[in-house]
Amino acid sequence: MWLALALHLFMLRDADLLKLYARLPGRAVWGRVLLPREGVSAPAWPRLRAGLLVAFGVVYVTLSLATARVELGAGAGRWAAALQRYAEPWHVFNAYHLFAQITRVRIEPEFAGFAAGAWRTYDMRYKPGPLDRAPPIVAPHQPRLDFMLWFYGLRARRAPPGYVRRLLTQLCEQPARAQGFFVTPLLDRPSHVRVQFWRYRFTRPGEAGWWRREAAAPELVVACSKGQVER
């Protein structure tokens, strides 16, 4: 907190600082150091300020580079890890919130319903889906459910979070309420719903389609009549 408050000192005007100086004990001593004196061509304060700025810049750049090397995994040496451990408790050189590290693996959940002895895949509007479908342009809109399902795919082997359980319940009991999330018409009364997990990659130049994919985790099947989850 004190370090954050200290940054606001640079927002004060010279008149504000002079008012604070007038209240300092031992003003004569501080005046010889900070204020220009008659007959002195280069007062001490500009030199001191320049030195402090240079020192701060060196420390800031060094710690920022060390933190970046550790967070990005760019072969950080012992010096970078040691500097980050030293600076971390002060919370002045931090990685940026959610996007400090971006995963290089794209695991997407795919939903399906079962009826009349066959599975029907439900293609979502803003997910990769079919391998020959181009990625949609959605900006500045951010489809919230599709965005949250990105993180569900990264934790595919764990129990489904609450919003996924609610979606599965709607696919079983009230598919009309969930239809807006999907391009494919949903089955009215499926006996089971399923979640499969696929690792998506863009195709290489010369390959057909936009995507290629492979199974990434065990599928999850829900019996609609019992509400039981099976793997």
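The values are calculated or read from the model by the stated rules, or taken from the named source; none is laboratory data. Keep in mind that this is a model prediction, so the values were computed, not measured. No Cβ is skipped: glycine too gets one built from the backbone with ideal geometry, and neighbour counts run over all protein chains shown.
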- Query: If you take the residues of the stretch 171-200 that are among the polar types (S, T, N, Q) and under 29 Å from the mean Cα position of the chain (by Cα), which of them is nearest to PHE114 (Cα to Cα)?
  - Reply: GLN196
- In the stretch 54-79, what count of residues is obtained for those that are among the aliphatic types (A, V, I, L, M), surrounded by 13 or more Cβ atoms within 10 Å (Cβ to Cβ) and modelled with pLDDT under 80? 4
- Listed by range, helices (runs of 4 or more DSSP H) wholly within the stretch 116-231 having at least 3 residues that are surrounded by 16 or more Cβ atoms within 10 Å (Cβ to Cβ) are 144-154, 162-173
